[in-house]
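The values are calculated or read from the model by the stated rules, or taken from the named source; none is laboratory data. Note that the structure is predicted; figures quoted are calculated from it, not measured. Here the Cβ positions follow ideal geometry from the backbone for every residue, glycine too, while neighbour counts run over all protein chains shown. Side chains included, ligands, DNA and RNA excluded: accessible areas come from the protein's heavy atoms. Shrake-Rupley method; radii C 1.70, N 1.55, O 1.52, S 1.80 Å.
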Amino acid sequence: MWKLVMMERMMYLSLTVCPQRLPSQSRKMFLLQLSRDQYLVYWAQSIWWQLQDNKTFLAMLNHVLTVDGFYFSTTYDLTHTLQRLSNTSPEFQEMSLLERADQRFVWNGHLLRELSAQPEVHRFALPVLHGFITMHSCSINGKYFDWILISRRSCFRAGVRYYVRGIDSEGHAANFVETEQIVHYNGSKASFVQTRGSIPIFWSQRPNLKYKPLPQINKVANHMDGFQRHFDSQVIIYGKQVIINLVNQKGSEKPLEQSFATMVSSLGSGMIRYIAFDFHKECRNMRWDRLSILLDQVAEMQDELSYFLVDSAGKVATNQEGVFRSNCMDCLDRTNVIQSLLARRSLQAQLQRLGVLHVGQKLDEQDEFEKIYKNAWADNANACAKQYAGTGALKTDFTRTGKRTQLGLIMDGWNSLIRYYKNNFSDGFRQDSIDLFLGNYSVDELESHSPLSVPRDWKFLALPIIMVVAFSMCIICLLMAGDTWTETLAYVLFWGVASIGTFFIILYNGKDFVDAPRLVQKEKID
């Protein structure tokens with residue numbers, strides 16, 4: 001009791017001494033009309049909500065920080081590619097890592113906002129990259145070189161699989177990742193850059209308890225405006241764009257493929273080429289050797305785009321003139337397979353030019369290096385998939401071994417089940433965690449109502465209970481037979497129909513049962 005009295009006195013003191021702490025101007029008139037006791041109840045309720053929410057906010061931050069894939073360097077600028085770094089001025093090189101960092105890939109930018117305005121402490125403020133980095137010392141023909149793979153995830157329109165799709169009004173694509181493959185040999189450096197990102201139109205795919213929710217294209221948005229913003233920035237940063245769209249050209253994915261192709265055609269830019277390749281159709285029945293069809297189709301384009309190469313004297317020999325922008329629905333599994341094949345072809349050319357490979361030698365014949373290469377790209381796939389979809393990638397058996405296996409299919413099925421659970425029942429929390437970490441949502445200490453409190457109607461609790469009870473009674477009736485088989489059948493049918501009927505009612509109202517984000521409503525900007 002004494003604790004309540006002390007809390008009341010402290011709250012009363014804070015109100016009388018610090019009237020400026022009132023939540024907002026709109027609440028002042030309301031609060032002034034309250035009695036002292038009502039005032040205290042109001043603030044006690046506000047403090048209680050804050051204490052409860054703070055626990056959840058801390059859990060969200062801990063969740064983000066426990067996800068693998070955060071990297072920083074005290075000397076090397078991880079946010080820029082080799083080619084961008086080589087084309088900078090001396091003034092740029094003298095800037096601190098924080099000042100010159102590519103803001104697309106600085107995941108702690110919100111956390112460093114106060115330090116950014118203090119140049120004297122910039123050397124202590126390091127940009128943090130989120131994605132995947134691996135480095136290997138390799139040997140082919142007795143020649144040693146360093147092979148590095150870096151994937152940089154954009155912090156713009158960041159989030160989880162089903163709650164962040166398409167683009168926003170600024171043209172930022174969901175799950176945008178810049179992947180750079182680097183080779184160091186005898187002072188020479190070479191790199192090959194690719195990008196991936198969600199289909200750059202306004203579309204969504206909200207979880208609703210179905211295994212594969214139906215994608216919805218926004219019918220009122222100005223798609224061309226966002227689409228052009230996206231590719232204008234891509235052309236400025238990377239040059240020519242060769243789009244490889246790997247989605248299905250039938251079924252629920254077909255409208256997205258058609259819209260993408262239509263937008264490219266309507267834009268009419270000579271800097272953008274579009275290639276549609278129905279990955280699942282072409283590779284059905286485990287015919288993954290047919291991926292060579294796509295590689296042959298883009299071979300000339302890849303030679304035209306080239307790669308970046310600087311010799312041991314620091315002279316630029318070749319520049320990469322553009323990038324392949326690959327995507328599927330999630331920009332994870334199918335995308336990573338294609339990117340690994342394109343990167344191998346570029347690496348083959350680089351190592352031959354550097355003299356590591358002899359004329360006529362094939363990279364895929366170097367067994368020791370191939371093992372390193374395939375496992376690294378599979379690990380890259382897993383890292384990107386865990387950060388976006390919540391599980392490891394699918395199809396990594398092909399990336400690791402070059403073959404599609406039955407065991408790989410089983411593992412893909414298992415990962416798909418885990419994805420289904422997380423996408424429906426835990427991704428709202430994951431999305432809120434990312435938004436809080438990136439500063440997309442700022443905690444209002446004076447908010448009287450919890451943003452995390454979402455009222456649930458009777459369906460949320462009643463329907464699952466009814467379904468479980470009905471299913472349990474159906475099993476009990478089967479195990480404990482009645483006096484006659486007709487009586488048993490009647491009971492089983494009744495409870496069976498009740499459980500199945502309730503299940504379909506839940507499925508029909510699926511959006512009411514999934515774990516949705518509460519801090520930032522993404523549908524407002526889709």
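Quick notes on this one:
- Within the range 78-106, considering residues that are of a type in the set (Asp, Glu) and at pLDDT below 95, the one nearest to Cys384 (Cα to Cα): Glu99
- Residues (open to solvent by 70 Å² or more (accessible area, probe 1.4 Å) and either among the β-branched types (Val, Ile, Thr) or not assigned by the TED database to the domain that holds Val247 (or both)) located in the range 258-294: Thr262, Ile293
- Of the helices (runs of 4 or more DSSP H) lying entirely inside the range 305-415, the ones with 3 or more residues being over 30 Å from Tyr163 (Cβ atoms) and touching a strand residue (DSSP E or B) at 6+ places or on another chain (Cβ under 7 Å) are found at 333-354.
- Only listed residue being open to solvent by 20 Å² or more (accessible area, probe 1.4 Å) and not in a loop (DSSP other than H, G, I, E, B), chosen from His130, His63: His63
- The lone criterion from (1) modelled with pLDDT of 95 or more; (2) over 23 Å from the mean Cα position of the chain (by Cα) left unmet by Ile243 is number (2).
- Within the range 161-185, the set of residues being farther than 18 Å from Phe260 by Cα and either modelled with pLDDT under 95 or of a type in the set (Phe, Trp, Tyr) (or both) comprises Arg161, Tyr162, Tyr163, Tyr185.
- Remark: pairs (first residue in the range 386-406, not assigned by the TED database to the domain that holds Phe425 and among the small types (Gly, Ala, Ser); second residue open to solvent by less than 20 Å² (accessible area, probe 1.4 Å) and in a loop (DSSP other than H, G, I, E, B); Cβ separation under 8 Å; 6+ apart in sequence or on different chains) are absent.
- Of all residues in the range 447-498, those that are over 30 Å from Ala516 (Cβ atoms), open to solvent by 70 Å² or more (accessible area, probe 1.4 Å) and within 42 Å of the chain's Cα centre (by Cα) total 1.
- For the range 174-214, the set of residues classified as of a type in the set (S, T, N, Q) and either at positive phi or part of a strand (DSSP E or B) (or both) consists of Asn175, Thr179, Gln181, Asn186, Ser188, Ser191, Gln194, Thr195, Ser204, listed by residue number.
- Test result for Val356, touching a Lys or Arg at 6+ places or on another chain (Cβ under 6 Å), more than 18 Å from Leu291 (Cβ to Cβ) and open to solvent by less than 30 Å² (accessible area, probe 1.4 Å): yes
- Tallying residues that are among the hydroxyl-bearing types (Ser, Thr, Tyr) and either open to solvent by 30 Å² or more (accessible area, probe 1.4 Å) or not in a helix (DSSP H, G or I) (or both) within the range 215-252 yields 2.
- Residue list for the range 156-173, restricted to those being without any contact (Cβ under 8 Å) to a residue 60 or more places away in the chain and assigned to a loop (DSSP other than H, G, I, E, B): Phe156, Arg157, Glu170, His172
- Screening Ala221 against (1) modelled with pLDDT of 95 or more; (2) out of contact with any strand residue (DSSP E or B) (no Cβ under 6 Å at 6 or more places or on another chain); (3) of a type in the set (A, V, I, L, M, F, W, C) leaves a single unmet condition, (1).
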